[in-house]
Amino acid sequence: MLATLDKSNGSHRSGLSFSSTIETFLDPIVAVGSLFVCAYSCGEVLGPEYVILALIVFSLTFPGNIFLNDSLRRMLRKTFVNWVIVAGIMVFFGEASGYINFFPRDVIYSWLIATPFALMTANSLARWIIPNVLAMEGNTRTAVIAGCNDIGTRLAENFGSNKFIGVRFVGYFDDRQRDRLDGIGDAPLLGSFDQLAEYVKTHHVDHIYLALPMATQPRILKILDNLKDTTTSIFFVPDIFVTDLIQGRVDQVGGMPVVAVCETPFTGASGVIKRISDIILSILIMILISPIMLFAAIGVKLSSSGPVIFKQRRYGLDGKEIVVYKFRSMTTCDDGKDVKQATRGDSRITRFGAFIRKTSIDELPQFINVLQGRMSIVGPRPHAVSHNETYRKLIKGYMVRHKVKPGITGWAQVNGYRGETETVEKMEKRIEYDLEYLRNWSLSMDLWIIIKTAATTLKDSSAY
């Protein structure tokens with residue numbers, strides 16, 4: 001379940017390659033195995049109740065979403081957050097249904113604590129073992145690329161940099177001479193397109209990747225016709241993937257394949273899960289922070305004249321205007337055609353307002369926006385309408401961030417782009433992180449951003 005919500009790596013997962021099979025089954029098997037080991041070590045007999053629990057655990061963790069090519073830090077973070085999600089679901093429904101009472105508490109507690117360490121160890125070992133297994137004779141597939149262009153050279157770089165793909169790049173085929181090819185470097189130029197079919201037959205090439213512009217359809221059809229007499233697997237890499245795709249994927253409309261170029265990550269089950277998590281977390285957080293909100297409301301009222309809640313129009317989902325709530329931190333309530341961003345030492349900010357801005361307490365009323373469905377807990381931060389109208393003309397792809405609901409916190413904010421963006425360059429970096437969030441969203445990423453926000457808010461000096 002968790003893997004269907006995580007598309008954050010882009011590694012080659014299709015087919016039943018050795019590495020992708022490990023990625024798919026490693027976490028579920030380790031989680032179930034850890035359960036059985038903990039039960040056995042506590043002297044338990046593995047009866048039907050454990051089989052049922054094992055099936056539930058396998059379903060929640062299948063397919064695994066830890067990619068072998070993830071960095072060590074990313075692997076550790078995803079493993080921890082993923083297990084928190086699974087453990088939370090298991091404990092909640094176990095307590096609610098009473099099913100948890102079928103198991104000794106020492107078994108459950110030891111399993112919940114031991115499993116994340118087992119998962120981290122298994123994934124670390126896999127990163128050491130898999131490349132050695134793939135290096136053995138017969139485990140690596142050979143591949144050639146037809147077309148030495150931007151997408152062809154990028155594909156070759158991926159083959160060389162990702163040791164878990166299990167593909168050995170042999171060389172290029174192109175009708176142009178070597179001196180006319182950019183980016184080929186020292187890679188072999190094996191011949192022209194007309195020589196491709198004969199080469200793969202005589203050299204037993206496993207994969208052919210056609211990295212040719214879609215405009216060259218006659219040439220592509222001719223190559224495919226020549227390759228009909230081979231058993232080589234053929235993959236077409238259309239030049240559309242050179243563009244900066246947002247949630248790029250292949251889909252179907254009535255059986256006809258279509259390619260998503262720019263789409264929201266919150267479609268189907270992902271959208272339902274995102275909304276449910278927003279509602280549950282917002283209610284829990286608002287219960288916990290209610291004393292803080294009461295303190296903030298009294299502080300705002302006593303510190304200066306004006307309303308306690310500041311309302312401002314922002315762009316929400318699909319660029320539609322919404323009203324966003326904040327505790328008022330300034331002596332003004334600007335919401336017109338010209339809204340000036342707060343700056344360091346801004347005279348409009350009250351003394352109490354400076355405190356609640358520094359600690360992000362001023363943002364807390366936005367949990368009401370989340371419950372209303374206007375915002376999410378995590379997402380690109382909403383900007384004033386006037387700022388949107390300015391930056392959409394200056395920054396390419398600026399409006400794409402509105403493919404999702406705006407958030408109380410976001411990927412840009414936990415990466416240092418919180419507070420004033422006094423230059424276009426800073427706003428561009430914020431947008432880069434917002435778009436990265438859209439490409440790579442997962443429930444575990446949302447939880448990590450929430451945890452990181454809580455950890456960095458008090459020591460962040462960029463808000464004022």
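Points worth noting:
- Within the stretch 145-178, the set of residues being of a type in the set (Asp, Glu) and part of a helix (DSSP H, G or I) comprises ASP150, GLU157.
- The set of residues in the stretch 170-227 that are among the small types (Gly, Ala, Ser) and in contact with a strand residue (DSSP E or B) (Cβ under 8 Å, 6 or more places away or on another chain) comprises GLY171, ALA187, GLY191, SER192, ALA211.
- Enumeration of residues in the stretch 376-425 that are within 18 Å of VAL324 (Cβ to Cβ), at pLDDT 90 or above and either surrounded by fewer than 17 Cβ atoms within 10 Å (Cβ to Cβ) or of a type in the set (A, V, I, L, M, F, W, C) (or both): ILE377, VAL378, VAL404, ILE408, ALA412
- Looking at ASP194, ASP186, ASP182, just one residue is exposed (fewer than 13 other Cβ atoms within 10 Å of the Cβ) and part of a helix (DSSP H, G or I), and that residue is ASP194.
- Selection status of GLY15, part of a loop (DSSP other than H, G, I, E, B) and modelled with pLDDT of 85 or more: no
- Test: residue in the stretch 89-107 that is outside any helix (DSSP H, G or I) and touching a Leu at 6+ places or on another chain (Cβ under 9 Å): yes
- Comparison of SER277, SER303, SER290, SER282 shows that the only residue that is farther than 15 Å from ILE377 by Cβ, surrounded by 15 or more Cβ atoms within 10 Å (Cβ to Cβ) and polar (S, T, N, Q) is SER303.
- Tabulated pairs, the stretch 75-95, first closer than 17 Å to LEU35 by Cα, second open to solvent by 50 Å² or more (accessible area, probe 1.4 Å) and not acidic (Asp, Glu), C-beta under 8 angstrom, 6+ apart or interchain: MET90/ILE56
- Matching residues, the stretch 63-74, being charged (D, E, K, R), more than 20 Å from ASN158 (Cβ to Cβ) and either touching a residue at least 12 places away in the same chain (Cβ under 8 Å) or not in a helix (DSSP H, G or I) (or both): none
- Taken together, the residues in the stretch 86-107 that are surrounded by 17 or more Cβ atoms within 10 Å (Cβ to Cβ) and among the β-branched types (Val, Ile, Thr) amount to 2.
- Selection of the stretch 161-172 for residues being open to solvent by less than 70 Å² (accessible area, probe 1.4 Å) and either within 19 Å of ARG127 (Cβ to Cβ) or of a type in the set (Asp, Glu) (or both) yields ASN162, PHE164, ILE165, GLY166, VAL167.
- Within the stretch 20-48, the set of residues being under 26 Å from the mean Cα position of the chain (by Cα) and either at pLDDT below 90 or not β-branched (Val, Ile, Thr) (or both) comprises SER20, THR21, ILE22, GLU23, THR24, PHE25, LEU26, ASP27, PRO28, ALA31.
- Search result, residues across the stretch 308-348 that are modelled with pLDDT of 85 or more, closer than 24 Å to THR359 by Cβ and either in a loop (DSSP other than H, G, I, E, B) or open to solvent by 70 Å² or more (accessible area, probe 1.4 Å) (or both): VAL308, LYS311, ARG328
Rundown of residues vs (1) open to solvent by 70 Å² or more (accessible area, probe 1.4 Å); (2) more than 28 Å from ASN440 (Cα to Cα), yes/no style:
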position	(1), (2)
VAL30	no, no
VAL37	yes, yes
GLU44	no, yes
GLY64	no, no
PHE67	no, no
VAL84	yes, no
THR115	no, no
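- Near pairs, Cβ below 9 angstrom, 6+ apart or cross-chain, from the stretch 22-35 (in contact (Cβ under 8 Å) with a residue 12 or more places away in the chain) to any residue that is of a type in the set (Lys, Arg): GLU23/ARG13; THR24/ARG13
- Members of the stretch 155-175 found to be in contact (Cβ under 8 Å) with a residue 60 or more places away in the chain and either among the aromatic types (Phe, Trp, Tyr) or in contact with a Gly (Cβ under 9 Å, 6 or more places away or on another chain) (or both), listed by number: PHE164
- Of all residues in the stretch 36-62, those that are closer than 21 Å to PHE25 by Cβ and polar (S, T, N, Q) have Cβ atoms under 6 Å from Cβ atoms of residues that are at pLDDT 90 or above and open to solvent by less than 70 Å² (accessible area, probe 1.4 Å), 6 or more apart or on another chain, in THR61/ASP27; THR61/PRO28; THR61/ALA31.
The values are calculated or read from the model by the stated rules, or taken from the named source; none is laboratory data. From a predicted model like this one, the values you see are computed outputs, not experimental measurements. Counting neighbours? That spans all protein chains shown, and the Cβs are built from the backbone with ideal geometry, glycine included. Note: areas computed on protein heavy atoms with side chains; ligands, DNA, RNA excluded. Shrake-Rupley method; radii C 1.70, N 1.55, O 1.52, S 1.80 Å.
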